[in-house]
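Report on one structure; see the data block that follows.
The values are calculated or read from the model by the stated rules, or taken from the named source; none is laboratory data. Note that this is a predicted model, so its numbers are computed, not measured. With ideal geometry, Cβ positions are generated from the backbone for all residues, glycine too; neighbour counts draw on all protein chains shown. Calculation scope for accessible area: heavy atoms of the full protein, side chains included, ligands and nucleic acids excluded. Shrake-Rupley method; radii C 1.70, N 1.55, O 1.52, S 1.80 Å.
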Amino acid sequence: MKNINTRVTRRGAVGTLAVGAAALVSSSTDSSAAASAPAMPRCSPEDAGIDPAGILAFVEAANRLSPGLHSLMLVRHGKVAAEGWWRPYAARHPHMLYSLSKSFTSTAVGFAVTEGHLTVDATVSSFFPDRMPRSVTDNLASMKVRHLLTMSTGHEQDATGPTTAALDGDWVRAFLSLPVPREPGSLFVYNSAATYMLSAIVQKVTGSTVLDYLTPRLFQPLGFDSPTWEKCPRGINTGGWGLSIRTEEIARFGQVYLRNGLWRGKQVVPAAWIRDATTKKISNGTAETSDWSQGYCYQFWRCRHGAFRGDGAFGQYCVVMPEQDAVLAITSGLRDMQAPLNLVWDHLLPAMSGSGAAPSGGEEALHATLRNLSVPVPMGSAMSDLSPKVTGRVYRMDANPQKVERLSINFERGGARLTIHDSAGERTVSSGNGKWVESPALRSDEIHAKTAAAGAWTDERTYQMKFCSYETPFIDTVSLHFDGNTVRLHLERNVGFGPLEPIVLTGNAT
């Protein structure tokens, strides 16, 4: 984390106080069918054959994970048996999926294969003869669609960095220009750029972006409400990341894969593709206790206990458990992505064991817990003796890499308003005292700019605020320490790519 501003990168936003529009976002062209689609049916855990005490144990253990979960939805026998959102996350809000997007791109490839637009044995070069380098190596020439699908392109490291760094914005040409030192199919190397190439191929052969191509085939039949997907500079959906949808929509997607493509009695996704896409295609490790070493499929991972999943950075999951006839959707902001899967196997599987033992009861306690979920807020006082002395004062900040020029804070009944002026302009965020308050004052033209904040005086001189960009995994904790005419700002990020170094800025009252 090097910038106090939120910027959208090849893998999504990496900040909260402000959002830079560094990536284009496309949205579904027609959401009318989705908007009127009924929700999935609900039932009690006991009616689904699940011990509610096991779900409660899962939730309580998840609450001990740091930084934490944002939502969950457990579906069994086609009905939602448990669901919950950690405020300010909510059922109505979409959430960035990161690499869980890959499983949707795989599905688009499946439709294109079924409709005769391409085959998995087609060479990548055949789609882009005009973008190939002058010298084409044998390994590059032999790279096929199936190698993109299985992350076995022949690259020895993720090609996403150099691909997305192309100065002319031509990611396809940049990908094809990279060395391919290994024979395609010989080595698994996680490679988000390979999924981008799948998106580019689908767009090339169908004339539609992956988002538009999936809309009538998948998103509308399943009742998705206006999904969005980031684009590269040339207008191609990023494929390997960038899709944002709601938690129930993740669960619906998993349910279609659980049912071999059926949705409410209609074959939505070709069954043959689902079987092929979720079957192990290449080895990716030997660790028996790791769910990242059970084999890779077509943009899906095999799991322990006969399950498979799509997943994304910081804990976005669609876990399909055929043996239990269940699907689990999770969004979160986690550093340890194995941890929640361990909780699934430790608590949810036994709760669905079907051993014949009567459920333990405890449904009321589970519902109470699910109703009261919240991302922890700063704890302390609403006011301090310093509140009237610092409210409204403008602090000019010392020179800093984040280009924050000045800030001010106004304390008012029930919370505070923090205003920061930087090179991108002025941002104001309101916080509630010990509770989350959505802040509509961020610029409306920014990507994933919706923010909620909560704050409190943690001691007589320190006011702490949490900023949650609730359509993303990112939560920032900002502490303002006042000492005479000086303010010291300390910012920490919950999750991020690379080292999570805190930002420390100082300033003086004008």
Q) Do we find that Tyr190 is touching a residue at least 24 places away in the same chain (Cβ under 8 Å) and open to solvent by 30 Å² or more (accessible area, probe 1.4 Å) in this structure? A) yes
**Q.** Residues located in region 160-205, provided they are closer than 20 Å to Gln294 by Cα and in a loop (DSSP other than H, G, I, E, B)
**A.** Gly185, Ser186, Leu187, Phe188, Val189, Tyr190, Asn191
Q. Regarding Gly415, is this residue open to solvent by less than 20 Å² (accessible area, probe 1.4 Å), at pLDDT below 95, over 26 Å from the mean Cα position of the chain (by Cα) and farther than 25 Å from Ser99 by Cβ?
A. yes
Q: Any chance you could count how many residues in region 387-410 are open to solvent by 30 Å² or more (accessible area, probe 1.4 Å) and either hydrophobic (A, V, I, L, M, F, W, C) or not in a loop (DSSP other than H, G, I, E, B) (or both)?
A: 8
Q: Report, by residue number, each residue of region 429-475 that is at pLDDT 95 or above, within 25 Å of Phe497 (Cβ to Cβ) and among the charged types (D, E, K, R).
A: Lys466, Glu471
Q | Test result for Ser244, touching a His at 6+ places or on another chain (Cβ under 8 Å), among the polar types (S, T, N, Q) and under 30 Å from Trp86 (Cα atoms) | A | yes
Q | strands (runs of 3 or more DSSP E) wholly inside region 419-510 that include at least 1 residues being under 18 Å from Gly380 (Cβ atoms) and open to solvent by 50 Å² or more (accessible area, probe 1.4 Å) | A | 425-433, 451-459, 475-483, 486-493
Q. Can you find a residue in region 43-62 that is modelled with pLDDT of 95 or more and under 18 Å from Ala313 (Cα atoms)?
A. yes
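Table: residues versus (1) crowded, with 22+ Cβ neighbours inside 10 Å; (2) touching a Pro at 6+ places or on another chain (Cβ under 8 Å); (3) polar (S, T, N, Q).
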| position | (1), (2), (3) |
| --- | --- |
| Ser135 | no, no, yes |
| Asp138 | no, no, no |
| Met143 | yes, yes, no |
| His147 | yes, yes, no |
| Thr150 | yes, no, yes |
| Ala159 | yes, no, no |
| Leu167 | no, no, no |
| Val172 | yes, no, no |
Q) Quick one: what pairs do we get from region 382-405, first residue among the small types (Gly, Ala, Ser), second open to solvent by less than 70 Å² (accessible area, probe 1.4 Å), C-beta under 6 Å, 6+ apart or different chains? A) Ala382/Asn433; Ser384/Trp457; Ser387/Phe411; Gly392/Asn410
Q) Among the residues of region 318-338, is there at least one that is in contact with a Leu (Cβ under 8 Å, 6 or more places away or on another chain), open to solvent by 10 Å² or more (accessible area, probe 1.4 Å) and of a type in the set (A, V, I, L, M, F, W, C)? A) no
Q | Residues of region 260-281 satisfying the condition of being closer than 20 Å to His147 by Cβ and either acidic (Asp, Glu) or open to solvent by less than 20 Å² (accessible area, probe 1.4 Å) (or both) | A | Trp273, Asp276, Ala277, Thr278
Q: State which residue is nearest to Val202 (Cα to Cα) when the search covers only region 106-159 and only residues that are assigned to a helix (DSSP H, G or I) and in contact with a Gly (Cβ under 7 Å, 6 or more places away or on another chain).
A: His147
Q | Filtered residues of region 216-241 (kept if closer than 14 Å to Ser101 by Cα and open to solvent by less than 10 Å² (accessible area, probe 1.4 Å)) | A | Leu218, Phe219, Pro227, Trp229, Glu230, Asn237, Thr238, Gly239, Gly240, Trp241
Q: Show the residue pairs that are 6+ apart or on different chains and have beta-carbon atoms under 8 Å apart, the first residue being within region 282-300 and at positive phi and buried (at least 22 other Cβ atoms within 10 Å of the Cβ), the second being polar (S, T, N, Q) and outside any loop (DSSP other than H, G, I, E, B).
A: Gln299/Ser103; Gln299/Thr105; Gln299/Ser106; Gln299/Thr195
Q) Of (1) under 20 Å from Gly312 (Cα atoms); (2) out of contact with any Asp or Glu (no Cβ under 7 Å at 6 or more places or on another chain), Val189 satisfies all except one. Which? A) (2)
